[in-house]
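K.L.:
Quick one: the structure is below, questions incoming.
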Amino acid sequence: MVCPGSFDPVTVGHLDVVERAVSLADRVVVAVVHNPAKAGLFAPQERAELVGLALAGTRAAAAQVDVVGGGLLVDYCRRIGATAVVKGLRSGTDLAYELPMALMNRHLSGLETVFLPGAPQHAHVSSSLVKEVARHGGDVSDLVPPAVHGRLLARLSGRETEDRQHRDA
Ligand code: PNS
């Protein structure tokens with residue numbers, strides 16, 4: 001089973017879904033998908049590294065981590081012999097976004113999608129909101145795994161320094 005996503009960066013919500021996927025399937029691959037249309041805060045390889053750090057020592061530690069450089073998810077799944085992907089759903093809005101992709105993936109190659117209801121305590125947690133809150137100095141320490149928190153703050157402060165240098169130049 002493949003757990004695909006941008007993971008920019010991985011959150012406690014993602015971790016919950018991967019842990020539950022590991023309890024359902026013999027083999028789980030967390031696939032960090034590179035979307036060239038989205039300028040990420042972290043490069044795909046860094047996101048994968050952060051996923052690996054987040055999984056270490058958890059119930060999801062058995063999951064593998066991979067980077068998908070481009071192309072269709074169905075082709076990646078075919079290549080590695082996976083017959084299903086797993087996605088967490090926080091809300092009906094997530095379902096509206098995920099359902100057409102799930103149907104398209106099944107149309108293209110018969111790839112199935114397993115939807116897991118997200119844990120209610122993580123319903124407000126997304127990578128984009130985490131970045132937004134952290135960028136403005138809000139506390140996101142309980143929304144991302146500890147290994148990710150330090151790297152996120154360091155990346156944001158580095159970027160802000162760079163921005164200031166450009167502005168002041
Ligand atoms: O975390 P995200 O950004 O919501 O994940 C979306 C993702 C990466 C799973 C989706 O965009 C995807 O599968 N991209 C790979 C390209 C592809 O197969 N596109 C057609 C999907 S029907």
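K.L.:
How would you rank 147-158, 25-36, highest first, on the average number of other Cβ atoms within 10 Å across their residues?
P.N.:
Listed from highest to lowest mean packing, they are 25-36, 147-158.
K.L.:
A follow-up question, please. GNM, the chain, Cα, under 10 Å: largest mean-square fluctuation among E49, E132, E19?
P.N.:
Most flexible of the set in this elastic network: E132.
K.L.:
From the Cα gyration tensor of segment 1-85, with a ≥ b ≥ c the square roots of its eigenvalues, which class applies: rounded if a/c is under 1.5, or else prolate if a/b is larger than b/c, or else oblate?
P.N.:
oblate
K.L.:
Which of the three applies to the chain, rounded, prolate or oblate, going by the alpha-carbon gyration tensor with a ≥ b ≥ c and a/c under 1.5 meaning rounded?
P.N.:
Prolate, since a/c reaches 1.5 and a/b exceeds b/c.
The numbers here are math on the coordinates, done by the rules we state, and not lab data. Being a predicted model, the structure only gives us computed values, none of them experimental. Please note: Cβ atoms are built from the backbone with ideal geometry, for glycine as well, and neighbour counts cover all protein chains shown.
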